[in-house]
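The values are calculated or read from the model by the stated rules, or taken from the named source; none is laboratory data. No experiment lies behind these values; they were computed from the predicted model shown. Don't worry about glycine lacking a Cβ; one is built from the backbone with ideal geometry, like all the others, and counts go over all protein chains shown. Surface accessibility is based on the protein's heavy atoms, side chains included, excluding ligands, DNA and RNA. Shrake-Rupley method; radii C 1.70, N 1.55, O 1.52, S 1.80 Å.
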Amino acid sequence: MDDNKKNYITSDELKKHNKPDDLWLSIQGKVYNVTDWAKIHPGGDIPLLNLAGQDVTDAFIAFHPGTAWKHLDKYFTGYHLEDFQVSEVSRDYRNLATQFAKSGLFEKKGHGVIYSLCFVFLLFSACIYGVLCSDSFLIHMLSGGLLGFAWIQVTYMGHDSGHYQIMSTRGYNKFAQILTGNCLTGISIAWWKWTHNAHHVACNSLDFDPDLQHLPVFAVSSNLFQSLTSQFYKRQLTFDSLARFFVSYQHFTFYPVMVVARVNLYLQTFLLLFSNRKVPDRALNILGILVFWTWFPLLLSCLPNWNERVLFILASFCVTSIQHIQFCLNHFAANVYVGAPKGNDWFEKQTSGTIDISCSSKMDWFFGGLQFQLEHHLFPRLPRCQLRNISPLVQELCKKHNLPYRSLSFFEANKWTLNTLRSAALEARDFSSPVPKNLVWEAFNTHG
């Protein structure tokens, strides 16, 4: 590098610094060495590793408040990106984010937390009262349904607390995370952060997004028939005869599996917390899980017999399956891709990989704001009460740049998802055809 360019590097040179022990990123054209920071990054190291060696300005803006910028200087390498460019889409996205920040939308959280806490308290109280104070089988089953509904609302609160501070201090916010995630639902907030941050950064990447890696049970694309390597789990997503059998009938098994999907979340929680992987606040997470596995079995023990206990659990799981289905509707039928996420097409990837669920404003509480999936993915720190307000602006930006904005009714979204699963199922049954034919089919059927 000659003297008059000693403060600049090219994008190609930046790409070379994409390893855990040599991790550089560019933000607004300035190059930072975040190798050491990745080890203590609050969002985990995976988002940084997935975007290593690139300009990540849009992702940085999406996930960080304005106060985060001042912490970058200590990691500045002294280099600027020589060929730094900003696309018109990114420029408009950043202007919109700036507009929201100046309007104070990220701080205007409304009274949703208080309302949610009161609602959850009422649901849990009604559930416990029904179990302890009634001998009626129907009341017991209704109580199980109320518990499932409480878990749905608690999950929305945990999701909010993971993306932005819902309490007055960071300490209280962490307490809210452990309470809503670990203590009340039995699902670790550490596990959620680990997978959810990776999902947001690599939205609908078949090999980088863990939320699409459900083999041997589900496959949303025939690309998964190639036994891709999961860059998240660091293992092969094997498409063998067992997976082919399950996938061949996935459009029939989708709803039954959603009923018992919660069991997998409990299992994933234990696998992470008792693994060798570095887990932030491991002891606190384990303590929270112990709280759940104390009160929940005690509640079940108050039911008169094992038949009612099993049916009580099933009733609660049937209700929570609505939420599991919703999460799938937001992504399963959207466009997918293979490979690492790119920092220079942030807006485009989020529009491509998400589907909104259209509903009346009176139903916002039911969907927890996540029916505005694209808006949430573009501005994950935005309180859920603001998502409906910004939706017209996001639609306008999508229209301006000829990008998809898909908003379907709950019924329509279910149809799209089932059609996607059915298409992949038929491909799986026809696996006697050579791989190239499957790839050609994929090229002509890029939807889902």
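If you check R381 against the conditions, is it open to solvent by 10 Å² or more (accessible area, probe 1.4 Å), part of a loop (DSSP other than H, G, I, E, B) and basic (K, R)?
Considered against the rule, which asks whether it is open to solvent by 10 Å² or more (accessible area, probe 1.4 Å), part of a loop (DSSP other than H, G, I, E, B) and basic (K, R), R381 comes out as yes.
Right, L298: under 22 Å from the mean Cα position of the chain (by Cα), without any contact (Cβ under 8 Å) to a residue 24 or more places away in the chain and surrounded by fewer than 18 Cβ atoms within 10 Å (Cβ to Cβ) or not?
Taking the combined requirement at face value, the residue does not satisfy it.
So which helices (runs of 4 or more DSSP H) are wholly in the stretch 34-103 and hold at least 2 residues that are farther than 30 Å from K278 by Cα and of a type in the set (D, E)?
Here the list reads 88-102.
Can you tell me which residue within the stretch 382-430, out of those that are among the basic types (K, R) and modelled with pLDDT under 95, is farthest from Q226 (Cα to Cα)?
Within the stretch 382-430, the match that is farthest from Q226 (Cα to Cα) is R384.
Please determine, by comparing only the residues of the stretch 210-223 that are open to solvent by less than 30 Å² (accessible area, probe 1.4 Å) and free of Cβ contacts under 8 Å to residues at least 40 places away in the same chain, which one is nearest to G343 (Cα to Cα).
The selected residue is P210.
Only one of R262, R277 is of a type in the set (D, E, K, R) and in a helix (DSSP H, G or I). Can you tell me which?
Of the residues listed, the single one that is of a type in the set (D, E, K, R) and in a helix (DSSP H, G or I) is R262.
Which pairs have Cβ atoms under 8 Å, sit 6 or more apart or on different chains, and link a residue in the stretch 101-127 that is closer than 23 Å to N389 by Cβ to one that is among the β-branched types (V, I, T)?
Here the result reads L105/I390; K109/I166; V113/I166, each pair linking the stretch 101-127 to a residue that is among the β-branched types (V, I, T).
If a residue must be closer than 17 Å to N50 by Cβ and among the aliphatic types (A, V, I, L, M), how many such residues does the stretch 329-386 contain?
Within the stretch 329-386, residues that are closer than 17 Å to N50 by Cβ and among the aliphatic types (A, V, I, L, M) number 3.
When you check L287 against the structure, is it hydrophobic (A, V, I, L, M, F, W, C), at pLDDT 95 or above, open to solvent by 80 Å² or more (accessible area, probe 1.4 Å) and closer than 21 Å to A176 by Cα, yes or no?
Criteria met by L287.
If only one of T253, T351, T294 is in a helix (DSSP H, G or I), among the polar types (S, T, N, Q) and within 30 Å of N95 (Cβ to Cβ), which one is it?
T351
If you scan the stretch 375-421, which residues turn out to be under 20 Å from the mean Cα position of the chain (by Cα) and charged (D, E, K, R)?
Scanning the stretch 375-421 gives E375, R381, R384, R388, R406.
All but one of (1) open to solvent by 30 Å² or more (accessible area, probe 1.4 Å); (2) assigned to a helix (DSSP H, G or I); (3) within 30 Å of N305 (Cα to Cα) hold for D135; state the number of the condition that does not hold.
Evaluating D135 over (1) open to solvent by 30 Å² or more (accessible area, probe 1.4 Å); (2) assigned to a helix (DSSP H, G or I); (3) within 30 Å of N305 (Cα to Cα) leaves (2) as the failure.
Inspect all residues belonging to the stretch 86-108 and state whether any of them is touching a Cys at 6+ places or on another chain (Cβ under 8 Å) and under 30 Å from V154 (Cβ atoms).
Yes: one or more hits.
Could you grab me the full set of residues in the stretch 304-315 that are out of contact with any Ser or Thr (no Cβ under 9 Å at 6 or more places or on another chain) and in contact (Cβ under 8 Å) with a residue 12 or more places away in the chain?
Result: P304, E308, L311, I313, L314.
For the stretch 55-81, which positions are surrounded by 15 or more Cβ atoms within 10 Å (Cβ to Cβ) and either among the charged types (D, E, K, R) or under 25 Å from the mean Cα position of the chain (by Cα) (or both)?
D55, V56, T57, D58, A59, F60, I61, A62, F63, H64
Please indicate, with yes or no, whether at least one residue in the stretch 389-411 is of a type in the set (A, V, I, L, M, F, W, C), in contact with a strand residue (DSSP E or B) (Cβ under 7 Å, 6 or more places away or on another chain), in contact (Cβ under 8 Å) with a residue 40 or more places away in the chain and crowded, with 22+ Cβ neighbours inside 10 Å.
No; the residues of the stretch 389-411 include none that is of a type in the set (A, V, I, L, M, F, W, C), in contact with a strand residue (DSSP E or B) (Cβ under 7 Å, 6 or more places away or on another chain), in contact (Cβ under 8 Å) with a residue 40 or more places away in the chain and crowded, with 22+ Cβ neighbours inside 10 Å.
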